[in-house]
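Everything on this sheet refers to the single structure shown next.
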Amino acid sequence: MIVCKSAAELEKMRASGRIVRQVLDAAVALVAPGVSTMDLERAAEKKIEELGAKPAFKGYYDYPCVLCTSVNNEIIHGIPSEKRRLQAGDIVSIDCGVVLEGYYSDSAVTVAVGSEISPELKKLLEVTRASLDCAIAKVRIGNTVGDVGAAVQQHVEAHGFNVVREFVGHGIGTRLHEEPQVPNYGTAGHGMRLREGMVLAIEPMVTAGKPQARVLDDKWTAVTEDGSYSAHFEHCVAVTRGEPLILTA
Ligand code: MF3
Ligand code: CO
């Protein structure tokens, strides 16, 4: 079942989205060589509480943390750890979800550690970030989920990178994961038609090498099979009568 949200509900989701943005900003501000991913987790947990929200990920299928922190070849769902110290030249995806007054929001960014990452990694971050913008531009009444996925895929592949197929974006609202699934690949004009009030969490996961993923023995961390680096960005976006409304901006 697809749940369309009223204007009042979108307002609540916007409030939730603003909090997730502030939490991510706080975590990103700490990213530096020598900082552990658990340092980011602690800062995020404190910020969520300060802002009066609840974490969406902690306890979800027994996930242990408020953030996912995925470094280098890790695609998504990396678990923060005291032992994982960021190094200059790394990239780290920080993914956070919160719930406020029953409404969920979910967003992710990937950033460089230190001021010098390789030109190839810089391009990976830029292309992944831009592929999300391409997808967001398709979030309009009458377009389809296939239009969204095709927009990501075309942008990514045109720049020589690949999209991960094993994980997809999702609807979001009073639950973290709602229908529909939102793949980062597809055919324009195919799939479910977008209607006013639908909210999509769009989350391109892009690899610099082959797109295949596998999950580590911790049962969470998804890594590239070939060890190539991966980037991930995510926004929650509402379908409106006008422009796409980015709830996690
Ligand atoms: N953004 C991710 C997702 O939508 C994060 C989920 S982590 C989990 O699946 F722990 F909550 F599963
Ligand atoms: Co998500």
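Evaluating 6.51 cos²θ - 1.76 cosθ + 1.60 at θ = phi - 60° for every residue in the range 131-144, the Karplus couplings come out as 5, 5, 4, 4, 5, 4, 4, 8, 7, 9, 3, x, 6, 10 Hz, glycine and proline recorded as x. For residue 247, the residues whose modelled amide H falls within less than 5 Å of its own, excluding neighbours fewer than 5 places apart on the same chain, are 236, 237, 238.
Taking the chain as a Gaussian network of alpha-carbon nodes connected by springs under 10 Å, the highest mean-square fluctuation of the residues 105, 36, 118 belongs to 118.
Couplings 3J(HN,Hα) of the range 111-123, computed from phi: 10, 7, 9, x, 8, 10, 9, 5, x, 5, 5, 4, 5 Hz, in residue order, whole Hz [Karplus 6.51 cos²θ - 1.76 cosθ + 1.60, θ = phi - 60°; x for Gly and Pro]. Binning the C-alpha pair distances of the range 7-246 at 10 Å intervals from 0 yields a P(r) profile of 8, 34, 38, 18, 2 %, listed from the shortest bin outward.
Close amide H contacts of residue 36 (hydrogens built in the peptide plane, cut-off under 5 Å, sequence separation of 5 or more or a different chain): 86. Close amide H pairs (under 5 Å, H built 1.01 Å from N) link residue 205 with 164, residues at least 5 positions away or on another chain.
Using 23 Å as the Cα-Cα cut-off, could you pick out the over-long pairs in 58/219; 12/58; 12/122; 58/210; 12/54; 54/138? Where the Cα-Cα span goes over 23 Å, the pairs concerned are 12/122; 58/210; 54/138. When the Gaussian network model of the chain links Cα atoms closer than 10 Å, the mean-square fluctuations of 201, 29, 130 top out at 29.
As a proxy for reagent exposure, 54, 138 were ordered by neighbouring Cβ count within 10 angstrom, fewest first; the result is 54, 138. Using the basic label-point model (7 angstrom from Cα toward the beta carbon), what is the residue 122 to residue 181 distance in nanometres? Placing both labels 7 Å along Cα→Cβ, they lie 3.7 nm apart.
Here the Karplus curve 6.51 cos²θ - 1.76 cosθ + 1.60, taken at θ = phi - 60°, turns the phi angles of the range 34-51 into couplings of x, 7, 8, 5, 5, 4, 5, 4, 4, 5, 5, 4, 4, 5, 4, 5, 3, 8 Hz, with x standing for Gly and Pro.
Per DSSP helix of 4 or more residues, -39500 (n - 2.57); summed, then divided by the residues of the chain. What does that give at 222 nm, rounded to the nearest 500? Working shown, then result.
Working: 4 runs with 70 residues, N = 249.
Calculated at 222 nm, the ellipticity per residue is -9500 deg cm²/dmol.
Here, each number is a calculation from the coordinates, and none is a lab measurement. Quick caveat, the model's predicted, so the values are computed rather than measured. FYI the Cβ positions are ideal-geometry reconstructions off the backbone, even for glycines, and counts take in every protein chain you see.
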